[in-house]
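One structure is given below, encoded as structure tokens.
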Amino acid sequence: MKILFICTHNRCRSILSEAITNHLADGRITAYSAGSQPAGEVHPLSLKYLQQRGISIDGLQSQSWDDFEAIKPDVVITVCDSAANEACPVWFGNTAKVHWGLPDPTKLEGSEAEIQSAFNSVMDTIEIRVRGLLSLDIAAMSGAQLQTTLQQLAEEI
């Protein structure tokens with residue numbers, strides 16, 4: 001299964017989702033991330049906090065969703081509200097589309113401890129959702145069943 005995580009600027013939440021999913025999935029799922037208006041660089045704190053958890057940051061980059069037409073993802077998951085409201089590229093076609101809204105920890109102004117706590121909270125939420133996904137028999141699900149189940153995961157957590 002291939003999952004494409006989308007956030008408008010592809011510099012934090014979608015990057016965190018890609019890295020955490022690939023770390024936990026052990027090859028069962030391949031995750032990618034992209035943005036409709038990519039920033040061109042990954043937020044440095046995203047990289048810092050991934051490394052602190054022992055999650056590889058190799059190959060992570062901010063890139064456009066146009067770069068992923070050829071991979072034909074099975075699922076597209078938006079992680080920011082603005083991306084969820086954007087018109088998706090035509091090539092997404094009948095791909096299952098789900099919104100896993102996450103707060104943006106890069107927008108927080110506060111102490112280093114408060115910012116770290118915000119990143120950890122977002123990363124914990126991603127990890128719980130991905131573990132929930134990995135507990136499912138996703139190969140046996142139709143696209144509609146998968147979409148409904150993934151949306152339920154987001155609503156529960």
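Key figures
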read-out	value
Subset of segment 22-32 that is in contact with a Lys or Arg (Cβ under 9 Å, 6 or more places away or on another chain) and open to solvent by less than 10 Å² (accessible area, probe 1.4 Å) - its residue that is nearest to GLU112 (Cα to Cα)	ALA31
Some residue of segment 57-64 being open to solvent by 20 Å² or more (accessible area, probe 1.4 Å), at pLDDT below 95, touching a Lys or Arg at 6+ places or on another chain (Cβ under 9 Å) and not in a loop (DSSP other than H, G, I, E, B)	no
Residue count, segment 68-98 (criterion: modelled with pLDDT of 85 or more, under 21 Å from CYS12 (Cβ atoms) and open to solvent by 20 Å² or more (accessible area, probe 1.4 Å))	1
Hits in segment 99-137 - residues which are hydroxyl-bearing (Ser, Thr, Tyr) and either modelled with pLDDT under 95 or farther than 22 Å from ARG28 by Cβ (or both)	THR106, SER111, SER117, SER121, SER135
Residue check for VAL42: open to solvent by less than 70 Å² (accessible area, probe 1.4 Å), in contact (Cβ under 8 Å) with a residue 40 or more places away in the chain and either over 16 Å from the mean Cα position of the chain (by Cα) or under 25 Å from MET1 (Cα atoms) (or both)	no
Any hit, segment 32-39, residues being closer than 17 Å to ARG129 by Cβ, of a type outside the set (D, E, K, R), at pLDDT 95 or above and not in a loop (DSSP other than H, G, I, E, B)	yes
Check on LEU4, open to solvent by less than 10 Å² (accessible area, probe 1.4 Å), part of a strand (DSSP E or B) and in contact (Cβ under 8 Å) with a residue 12 or more places away in the chain	yes
Flag for LYS107 being loosely packed, with under 12 Cβ neighbours inside 10 Å and of a type in the set (Lys, Arg)	yes
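The values are calculated or read from the model by the stated rules, or taken from the named source; none is laboratory data. Keep in mind that this is a model prediction, so the values were computed, not measured. Don't worry about glycine lacking a Cβ; one is built from the backbone with ideal geometry, like all the others, and counts go over all protein chains shown. Protein only, heavy atoms only, side chains kept; ligands, DNA and RNA dropped before computing areas. Shrake-Rupley method; radii C 1.70, N 1.55, O 1.52, S 1.80 Å.
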